[in-house]
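What follows is a single structure, written as structure tokens, with notes after it.
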Amino acid sequence: MVITHQFHISTEGFCDIHNITTHVEMGVQESSLSNGVATVFTPSATSAITTVEYEDGMLADFELFLEQLAPQAGHYKHNDRWHDGNGFSHVRAAFLGPSISIPFTDKRLMLGTWQQIAFMDFDNRPRTRPIIVQMIGE
């Protein structure tokens, strides 16, 4: 059986990172499934989903890493074409990817002790972002 759950996150952009673990857990717990896999997906070209240890030091380190990898002030051909100034956000999002899959057993996500699900918005303006959790299982 396949069940789809959706929620929204309001963001500030510019590497705004949100812990969405509780939202995903609620989707799994409210479903009729006990065991399966949950895919967490953002339908956006300027945001990403990953797992992290969600604590201030790691979040700051990750933001610094992304600034070094794809600096906001860098030159991007995307900006030359569209003049929207968010070329860096597209590169960051593509690097991390729009989804992850997490197994669950007995309605509990099988995350590690220090592992949380993080939604990252890299765009250069505030947004309200939909996040889709699609579960397959029994």
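Please work out which residue is nearest to residue 84 (Cα to Cα), limiting yourself to the range 96-131 and to residues that are outside any strand (DSSP E or B) and of a type in the set (Gly, Ala, Ser).
Step by step, filter the range 96-131, then rank; the result is 97.
Would you pick out the residues in the range 6-17 that are surrounded by 19 or more Cβ atoms within 10 Å (Cβ to Cβ) and either modelled with pLDDT under 95 or assigned to a strand (DSSP E or B) (or both)?
11, 16, 17
Which residue out of 50, 46 is touching a residue at least 12 places away in the same chain (Cβ under 8 Å), touching a Ser or Thr at 6+ places or on another chain (Cβ under 6 Å) and either of a type in the set (D, E, K, R) or within 15 Å of residue 99 (Cα to Cα) (or both)?
Exactly one of 50, 46 is touching a residue at least 12 places away in the same chain (Cβ under 8 Å), touching a Ser or Thr at 6+ places or on another chain (Cβ under 6 Å) and either of a type in the set (D, E, K, R) or within 15 Å of residue 99 (Cα to Cα) (or both), namely 46.
This table checks each residue for (1) surrounded by 14 or more Cβ atoms within 10 Å (Cβ to Cβ); (2) within 21 Å of residue 5 (Cβ to Cβ); (3) among the charged types (D, E, K, R).
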| site | (1), (2), (3) |
| --- | --- |
| 32 | no, yes, no |
| 42 | yes, yes, no |
| 55 | no, no, yes |
| 59 | yes, no, no |
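So if I check each of 109, 96, which one is within 17 Å of residue 13 (Cα to Cα), surrounded by 15 or more Cβ atoms within 10 Å (Cβ to Cβ) and either among the aliphatic types (A, V, I, L, M) or in contact with an Asp or Glu (Cβ under 6 Å, 6 or more places away or on another chain) (or both)?
Exactly one of 109, 96 is within 17 Å of residue 13 (Cα to Cα), surrounded by 15 or more Cβ atoms within 10 Å (Cβ to Cβ) and either among the aliphatic types (A, V, I, L, M) or in contact with an Asp or Glu (Cβ under 6 Å, 6 or more places away or on another chain) (or both), namely 96.
With respect to residue 51, determine if the residue is at negative phi, out of contact with any His (no Cβ under 8 Å at 6 or more places or on another chain) and surrounded by fewer than 19 Cβ atoms within 10 Å (Cβ to Cβ).
Yes: the conditions hold for residue 51.
The values are calculated or read from the model by the stated rules, or taken from the named source; none is laboratory data. Worth saying up front: this structure is predicted, and the values here are computed from it rather than measured. Neighbour counts run over all protein chains shown; Cβ positions are idealised from the backbone, glycine included.
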